[in-house]
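The structure under discussion appears below in the form of structure tokens.
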Amino acid sequence: MTYQNILTDIDEKIGVIKINRPEVRNALDATTLQEIGDVLERWENEESVQVIVITGEGDKSFAAGADIKQLKERKPKDALLPGNQGLAQQIENSSKVTIAAINGYALGGGCELALACDIRIAVEHAKIGLPELNLSIIPGAGGTQRLARIIGKGRAVEMILTGDIISAQKAERIGLVSTVVPKEELWNAVQDLASKIVKKGPLALTLAKLVINQGFDADLKTALMLEKFAQSILFSTEDKREGINAFLEKREANFKGE
Ligand code: CO8
């Protein structure tokens, strides 16, 4: 499948979506958003993909936010459509593990896509922020909610109200990204991380992610119940038998997602 604004690739259970509009710093126009959504939907049922990496083409930018030329035409009713929040939710709710490989600017909607991913790795020169208030709008793809959940409300309020764009080093310090690497090492770091993850049982990965995400917004009692139910499902799987047998037999497990 060929797309206009993104490049895709699957290798060793790692699917890569690369936003490919470097001439506009990988700004997210409607076609790009629709194409990313389309790939995510296709890969949802693709057993050969267990981890999805989202990144940007070139050294400069992961994604510099919504395409401001298109934003100019947006009317109040457009913000009420499911579109923008929908893609971030699709990423967050994907049964696959998602990694944002932040190769440069991750601003506005670009930052929001990264926030929806399970893990964020950035290059040393990355710059991250939600500068929407400079345009007199607010982050509209979940940024007002996810940033606070990831770095805490106090820091999130300051970042959003000032529109400050922070360095990768500060982003790592405050927990916005988990790792910062030199740009030449980004791909190795992503592959190291992804290859550890793809060795795990696919059902355990999906349920761990689901319990963490759904449990985070529930009260502790409900969240612990979710954990219990998910564990109970996993206790009935072939993969659980295989994982334990492999450990006891001192061999690598061969998980099948069953
Ligand atoms: N939209 C459209 N074009 C852009 C964007 C953008 N977001 N960002 C950069 N470009 C274009 C520039 O207009 C320029 O085009 P041209 O060559 O024709 O003049 C080209 O890319 C290169 O840009 P710069 O010359 O500015 O490049 P620099 O390297 O000097 O600066 C920056 C890069 C810092 C990224 C700068 O371009 C910038 O500040 N861009 C805008 C960042 C921004 O404000 N983003 C927030 C947008 S609002 C938003 O994202 C709302 C989210 C709503 C939900 C989205 C759905 C997920």
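The values are calculated or read from the model by the stated rules, or taken from the named source; none is laboratory data. What you see is a predicted model, and the numbers here were worked out from it, not measured in a lab. For neighbour counting, all protein chains shown are included, and Cβ atoms are generated from backbone atoms with ideal geometry for every residue, glycine included.
Only one of the numbered conditions (1) surrounded by 11 or more Cβ atoms within 10 Å (Cβ to Cβ); (2) modelled with pLDDT of 95 or more is violated by L248, and that is (1).
Quick check on segment 135-154. Is at least one of its residues within 16 Å of the ligand (Cβ to nearest atom) and in contact with a Gly (Cβ under 6 Å, 6 or more places away or on another chain)? If you could, list the steps in order and put the result at the bottom.
Keep residues of segment 135-154 that are within 16 Å of the ligand (Cβ to nearest atom), which gives 135-147.
Now narrow it down to the ones that are in contact with a Gly (Cβ under 6 Å, 6 or more places away or on another chain): 141.
Yes.
Inside segment 151-258, counting only helices (runs of 4 or more DSSP H) that do not spill past its ends, which hold 3 or more residues that are under 17 Å from V97 (Cα atoms)? Give the derivation first.
Working: elements: 153-162, 168-173, 186-198, 202-216, 220-235, 238-248.
Here the list reads 186-198, 202-216.
For beta carbons closer than 6 Å, sequence separation of 6+ or different chains, a first residue in segment 22-46 that is in the same structural domain as P139 (by TED's automatic domain parsing) and crowded, with 20+ Cβ neighbours inside 10 Å and a second that is small (G, A, S) and in a helix (DSSP H, G or I), the qualifying pairs are L28/G109. When the residues of segment 179-198 are filtered to those that are within 20 Å of S94 (Cα to Cα) and in contact (Cβ under 8 Å) with a residue 12 or more places away in the chain, the one that is surrounded by the fewest Cβ atoms within 10 Å (Cβ to Cβ) is S195.
Examine segment 101-114 for a residue that is in a strand (DSSP E or B), away from the ligand (no atom under 12 Å from the Cβ) and at pLDDT 95 or above, and state whether such a residue exists. Yes, that holds for at least one residue.
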